[in-house]
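Here is the structure we will look at.
The values are calculated or read from the model by the stated rules, or taken from the named source; none is laboratory data. Because the structure is predicted, anything quoted here is derived from the model rather than measured. With ideal geometry, Cβ positions are generated from the backbone for all residues, glycine too; neighbour counts draw on all protein chains shown.
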Amino acid sequence: MKVQAEVSLYPLRTEKLSGPVAEFCQVLRLRGLYVETRSMSTFVSGELGLLFEALREGFEILGCKTDIVVDLKISNACPARLEDEPATRERVE
């Protein structure tokens, strides 16, 4: 089943947030998921099983290094091939 998710990772007790977030996103990409990093969350789409396995793996890898919180919203009501479209959303900073 194809799903889309919005994932927010919050590394705790770390001076830089970007490193753990980038590492988490890399785990998702290496598992074949479409990953689009946004200013406050990461958009992910792919097959349900792959998504959950990648989330578990990323949580385990980062959780062994630091304390983390992950906030997840997931939906199966999504466009069929969104990852084939170029990311045109404007980033708000």
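Residue check: is Ile74 at pLDDT 95 or above and assigned to a strand (DSSP E or B)?
Answer is yes for this residue.
Would you list the strands (runs of 3 or more DSSP E) that sit entirely within the range 1-60 and hold 1 or more residues that are touching a Phe, Trp or Tyr at 6+ places or on another chain (Cβ under 9 Å) and charged (D, E, K, R)?
2-11, 34-37
Keeping to the range 38-48, report how many residues are buried (at least 17 other Cβ atoms within 10 Å of the Cβ) and either over 10 Å from Glu6 (Cα atoms) or without any contact (Cβ under 8 Å) to a residue 12 or more places away in the chain (or both).
The qualifying residues number 1.
Please enumerate the residues belonging to the range 1-35 that are exposed (fewer than 13 other Cβ atoms within 10 Å of the Cβ) and in contact (Cβ under 8 Å) with a residue 40 or more places away in the chain.
Of everything in the range 1-35, those that are exposed (fewer than 13 other Cβ atoms within 10 Å of the Cβ) and in contact (Cβ under 8 Å) with a residue 40 or more places away in the chain turn out to be Met1, Leu12, Arg13.
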